[in-house]
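Bear in mind that the values in this text are calculations on the coordinates, not laboratory data. What you are looking at is a predicted structure, and each value in this text was computed from that prediction instead of being measured. Glycine also receives a Cβ, built like all others from the backbone with ideal geometry; neighbour counts cover every protein chain displayed.
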Amino acid sequence: MAIIGSLFLSPAFGGFIVWRNWLIMKRRRRALMAAPWFWIGFIVLGLAFYSPNGLTLLIWIVYTVAWIAFSAFPQIRYVQTTAKREKTRWGFPLVAALILWGIGFAAFEIVSSQRKTTLEPSPEQPKTTQLSQSHDRVFTAEELRDIYKSSVLEVRTTWQEKRSTFNKKENGASGTGVLLYNDTEYGLVATNWHVVEPSDSMTGDYKCGVRFSHDKDFADCLVVARAKNDVDLALLLVRLNGKWTPNQFPIRPLEQIKEGEACIAIGNALGEGLSITAGIISRFDKVKDQTLIRTSTPVSPGNSGGPLILERGGSLAGIVTLQSRITNVQNVNFATPAQYLLDKDIWDFESGQDKAQELLNTAIAHAKK
């Protein structure tokens, strides 16, 4: 009972039963030796609630095996030899419990993985032909919202952060992403590097997820590339569910964007879901070795990584990157030119990310047509 209860409830459960058994049998020296197992099990239980991760699971398993070997089995042998009781057939229930626990854990992982690693397309995907054939048409904000709604995503990162020796806390960030290109199985999402950048105080369990406005859950994704030369861009790879059709929006080269052009921004402002704001292209600013697009379009924390879209032609002009933090300054915000996304030499890919590089190469080839 103590062993099976430990497997299903917690290590502390079995430790307490064995400890109390020794006290009931008036074996106080043995009870003193068993008591630490209960308290250590209680600590392991607290660790599992406070910091659930792979290392905690390993500690849980190692402790349970050690407790069974050095505390539970000695009591079983003592009862069988000293109390002269009939041997209990504990082997079958123990093996059955292990098998059932393994099956349940595997089923949970499979279901959880399938639920969180794919994205569902919206009923209407944006039509690239409509945009590519309408370079001079001026779209309304409402039209652009409907066209881009299946290519703008909420981005969320989480990680465990160490505050002190015994204090760990879950932290994270929220932002926006743009579906740069996709096939039926995978999508390549562009966002800002600072949205997905791990914290310096991170201790592990880094996760990055994306979702569309019509989705309930975030789908796990991988940060597959970071832009070089301090360009604040990153690429994410997310698995799709096979119902998608290839899609890409036209990207306006920087030299073809004019000051005074009307534009809109779509983003996950304040982490509260997608919203739309409108403004104009104000000017172009040189920052170090790169050019940033200044815009009067209002943005807030959470807009980072979202698209800055020109109303003329509905083209993607830039990726919203930062806002001015100078006191009493309004509507002075900046976007990284979208043409940087199509510069193959600017990307530093993680090793083994052949699929992501293939999607980027296809996006570049389609953009040059």
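Net charge within 14 Å of K288 by Cβ-Cβ distance, Lys/Arg positive one each and Asp/Glu negative one each, not counting K288 itself? So the environment of K288 carries a net charge of -2. Under 5 Å between amide hydrogens, built in the peptide plane, is the criterion, and for G318 it picks out L308, A338 among residues at least 5 positions away or on other chains. Once fully extended, how much extra length lies between R29 and I43, figured as 0.36 nm per residue of separation less the alpha-carbon to alpha-carbon distance? Roughly 2.8 nm would be gained on extension. Spin-label model, Q357/K243: points 7 Å from Cα along the beta carbon direction are separated by 3.3 nm.
Distant-in-sequence amide contacts of R137, defined by a placed amide H-H separation under 5 Å and a gap of 5 or more residues or a different chain, comprise G313.
Here segment 264-369 is treated as a sphere whose radius is the Kirkwood value from Cα pairs; by Stokes-Einstein at 10 °C and 1.306 mPa s it diffuses with a coefficient of 106 µm²/s.
Extension gain for I326-N171 works out to 53.1 nm (0.36 nm per residue, less the C-alpha to C-alpha distance).
Here the Karplus curve 6.51 cos²θ - 1.76 cosθ + 1.60, taken at θ = phi - 60°, turns the phi angles of segment 217-227 into couplings of 10, 7, 9, 5, 9, 10, 7, 9, 7, 10, 6 Hz, with x standing for Gly and Pro. Taking each of K169/K207; K258/K286; K288/K355; K149/K243; K258/K368; K149/K216 in turn, the alpha-carbon distance tops 23 angstrom for K288/K355. Across q = 0.16 Å⁻¹, segment 186-247 modelled as identical point scatterers on its alpha-carbon atoms has Debye log10 I(q)/I(0) values of -0.60, in the order of the q list. Relative protection proxy for 147-154, 75-82, from highest mean packing down: 147-154, 75-82 (other beta-carbon atoms within 10 angstrom).
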